[in-house]
Each structure stands twice: as C-alpha cells, then as structure tokens.
Amino acid sequence: MVKTLQKEDRWLRETYVDWLIEAAAKDDRIVLVEADLSKAAGTPRFKEAYPDRLVNVGIAEANMVGVAAGMNAMGKIPFTHTFTAFATRRCCDQVTLSVAYAGLNVKLCGSDPGVTAELNGGTHMSMEDVAIMRNVPGMVIYEPVDSAQLKKMMPQILQHEGPVYIRLLRRNAIQIFEDTDEFTLGKGTMVCEGSDVTIVASGIMVAEAIKAADALAAEGISAEVINMHTIKPLDAEMLLKSAGKTRAVVTAENGSIINGLGGAVCEVLSENLPVPVKRVGVKDHFGEVGSTAYLQEKYGLTDKEIVAAAKAVIAMK
C-alpha cells in the first residue's frame, strides 16, 4: 500500500482527555487518580469540569494504585496516570496484588512509551513495561496508534471488567486510520494484505511497518501488515491465519523484544505454527536522552530495520 503518513494536529493525550470528560458526563463512576503528572497528562481540563473527581496523590505512584483500587472497591471506575516507567516498574506489586489479584477494575495509563520519553532519558524510558504487565494475570495491554483508534477503543476499555494497561503516546500520533474504521479489543487490525511476509506491529512502529511494506513492494515483495493494538490478549487467530499464508513473520515494537510483542508472537507461533521470525525492537538496552527520531535510529526502530528483517525471514523459508 502507498499511504501518505502525516502527524495529527493535536496531541494524542488531548483525544484521551476529551473522551474522559465526555464519558464522565454520562457515568459518575469515572474518576481520575494522578501522581503529580496531571499537567503532563493534560488532565487539568478534567479537573475543571469535575473538580471532585480527580485525586492527586503526589509523587507516590504505588499509593496512587492503592487509592485507585480502594475507589473501585467502593464502586468507582478509576483511571490512573503516570509515565510508563512508574506505572509498571515502580508500581508492580500494587498493580499485581491490589488490583489484579483482588479482581478489581482499574484502568492504568502509562504515557511516553519506549523511546518517546525522549529528553526525560533512561530513568523515565521504560523498555520493559509491556514485559512486566504481560506477566500480571488477567491484565489487558492496549496501545493505540492514532486518535481515530483511541476514540473507538476507549468505550470498550471502560466496559471491560478488569484491569487494562493503556500504553499512551502523549504527543502527535501519525494518522493511520479514519474515524469510520472499527476496532475490537483483543483483535488485531489488518492494515494491508500481502503474501510473502507478515509484519506485526504496535504503536509508533505501525507507521514504520507501512513504510517498510511500501519499500518492499517496490522490490516485488508483498508484505502483510497487522496492527496488533491489543498486545495481551494477543489475537492468535489472526496471527496464525496470516503466518499460515506468508510462512514468514517480522514483529516491530517500541520497546524490548524480550517478553514484549515479539515474545508474545513467538510463543504463539512456536507452539502452533513454527515459521521464521525476526523481532525488530530494543535489544536488551536501557534508554538515554534524545529525540524520538534519533533514538529510533540508535535502537533500530525504523522501516529500514523492518525491511532487512523481512528479507532475512523470507530467505529462511
């Protein structure tokens, strides 16, 4: 496919907050719990609309999750927010026990995933957040690509009974989808069909996968691109159907390939349909300070890496 890829005019966090404000008007159970990053999340607008429904616990992320768990036990549906590193690494025990083990319904938003943490550097750049959350029983992991997809998926996330981890890019997303497109939590989205290789991507890597597919097409290679927006539970049915057709798979993610999207894909394929796989993502490294573009080049999160991986798996058939 040849698609013009352009950044959206508004930050993705604005779409997120817009939806929360609209949903809260219809459901008084919706509350927000922040850990001193309300400005970063763009949620002061929510507080203006509902001053009694946003709680800022200060720089105490573990306490934030505990407070949210208590609020859900009292009938509220809390959405928490902090950077991915603090939403997962710092809060792992509280997320696991206070929320998941207790069977509670808390929505956990981690912003600035992977290299998009940019100038906040290695301490705030969680490459392993997906790996941590994948190991929490019952946790759903969702990563939107753009505003159109986020708007369609948020009602499903609200209706889902159980914890959901939202891996949210705060800044301008690249528009991939239209407002008329439909999506389902737990089901991948076919971006373009192909016959030679399957590219399974999430988040900012979907745009890179599309660019890679176009580059491969120019060389006579037909690539199928799947947007695996729900990383857990993984859409095994779509993956196996595509892999059965192409017999070669590449994964692309903005984070560690260890126990992330690439790991999840390999688990399904190794047990059901062993085919050659190459994983494009961060390879056992911490992050560092830099722009997203610089860090994507440094860690190999580009269309060029996807093209090279596609050619490698095709040669392995």
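The values are calculated or read from the model by the stated rules, or taken from the named source; none is laboratory data. Fair warning: this is a prediction, and the values are worked out from it, not measured in the lab. Counting neighbours? That spans all protein chains shown, and the Cβs are built from the backbone with ideal geometry, glycine included.
Filter segment 161-181 down to residues that are surrounded by fewer than 16 Cβ atoms within 10 Å (Cβ to Cβ), farther than 18 Å from residue 81 by Cα and touching a residue at least 12 places away in the same chain (Cβ under 8 Å), then give me how many there are.
Residues that pass the stated criteria total 4.
Here's the yes/no breakdown for (1) farther than 19 Å from residue 194 by Cα; (2) in a strand (DSSP E or B); (3) modelled with pLDDT of 95 or more:
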{"residue": "237", "(1), (2), (3)": "no, no, yes"}
{"residue": "269", "(1), (2), (3)": "no, no, yes"}
{"residue": "281", "(1), (2), (3)": "yes, yes, yes"}
{"residue": "285", "(1), (2), (3)": "yes, no, no"}
{"residue": "289", "(1), (2), (3)": "yes, no, yes"}
{"residue": "308", "(1), (2), (3)": "no, no, yes"}
{"residue": "311", "(1), (2), (3)": "no, no, yes"}
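Results for (1) at pLDDT below 95; (2) within 24 Å of residue 112 (Cβ to Cβ); (3) polar (S, T, N, Q), shown as yes or no for each residue.
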| position | (1), (2), (3) |
| --- | --- |
| 44 | yes, yes, no |
| 62 | no, yes, no |
| 66 | no, yes, no |
| 71 | no, no, no |
| 76 | no, no, no |
| 81 | no, yes, no |
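Would you check if residue 301 is under 25 Å from residue 190 (Cβ atoms), modelled with pLDDT of 95 or more, not assigned by TED's automatic domain parsing to the domain that holds residue 85 and not in a helix (DSSP H, G or I)? Steps first, answer last, please.
On the way: under 25 Å from residue 190 (Cβ atoms): yes; modelled with pLDDT of 95 or more: yes; not assigned by TED's automatic domain parsing to the domain that holds residue 85: yes; not in a helix (DSSP H, G or I): yes.
In short, yes.
Taking into account only those residues within segment 210-225 that are buried (at least 23 other Cβ atoms within 10 Å of the Cβ) and out of contact with any helix residue (DSSP H, G or I) (no Cβ under 6 Å at 6 or more places or on another chain), which is farthest from residue 162 (Cα to Cα)?
Selected residue: 213.
Yes/no matrix, rows are residues, columns are (1) among the hydrophobic types (A, V, I, L, M, F, W, C); (2) in contact with a strand residue (DSSP E or B) (Cβ under 9 Å, 6 or more places away or on another chain):
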| residue | (1), (2) |
| --- | --- |
| 168 | yes, yes |
| 178 | no, no |
| 185 | yes, yes |
| 193 | no, yes |
| 200 | yes, yes |
| 209 | yes, yes |
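Does residue 152 count as assigned by TED's automatic domain parsing to the domain that holds residue 59 and free of Cβ contacts under 8 Å to residues at least 60 places away in the same chain?
Details: assigned by TED's automatic domain parsing to the domain that holds residue 59: yes; free of Cβ contacts under 8 Å to residues at least 60 places away in the same chain: yes.
Judged against the criteria, residue 152 is a match.
If you take the residues of segment 87-111 that are in contact (Cβ under 8 Å) with a residue 60 or more places away in the chain and in contact with a helix residue (DSSP H, G or I) (Cβ under 8 Å, 6 or more places away or on another chain), which of them is farthest from residue 286 (Cα to Cα)?
Across segment 87-111, the extreme among qualifying residues is 99.
Got at least one residue in segment 8-23 being among the aliphatic types (A, V, I, L, M), part of a helix (DSSP H, G or I) and out of contact with any helix residue (DSSP H, G or I) (no Cβ under 9 Å at 6 or more places or on another chain)?
Here is the first cut: in segment 8-23, the residues among the aliphatic types (A, V, I, L, M) are 12, 17, 20-21, 23.
Now restrict to residues that are part of a helix (DSSP H, G or I): 12, 17, 20-21, 23.
In the following step, the residues that additionally are out of contact with any helix residue (DSSP H, G or I) (no Cβ under 9 Å at 6 or more places or on another chain) were identified as none.
Checked segment 8-23: no residue is among the aliphatic types (A, V, I, L, M), part of a helix (DSSP H, G or I) and out of contact with any helix residue (DSSP H, G or I) (no Cβ under 9 Å at 6 or more places or on another chain).
From the list 185, 239, 216, pick out the single residue that is of a type outside the set (Val, Ile, Thr) and under 17 Å from the mean Cα position of the chain (by Cα).
So the residue among 185, 239, 216 that is of a type outside the set (Val, Ile, Thr) and under 17 Å from the mean Cα position of the chain (by Cα) is 185.
Which one is farthest from the chain's Cα centre (by Cα) among residues in segment 14-38 that are among the small types (Gly, Ala, Ser) and more than 25 Å from residue 62 (Cα to Cα)?
Across segment 14-38, the extreme among qualifying residues is 25.
Evaluate the following for residue 145: is it in contact with a strand residue (DSSP E or B) (Cβ under 7 Å, 6 or more places away or on another chain), surrounded by 21 or more Cβ atoms within 10 Å (Cβ to Cβ), within 21 Å of residue 301 (Cβ to Cβ) and in the same structural domain as residue 26 (by TED's automatic domain parsing)?
yes
Surrounded by fewer than 16 Cβ atoms within 10 Å (Cβ to Cβ) and β-branched (Val, Ile, Thr): which single residue out of 184, 198 fits that description?
After ruling out the rest, the residue left standing is 184.
With respect to residue 210, determine if the residue is closer than 16 Å to residue 192 by Cα, modelled with pLDDT of 95 or more and part of a loop (DSSP other than H, G, I, E, B).
Details: closer than 16 Å to residue 192 by Cα: yes; modelled with pLDDT of 95 or more: yes; part of a loop (DSSP other than H, G, I, E, B): no.
Answer is no for this residue.
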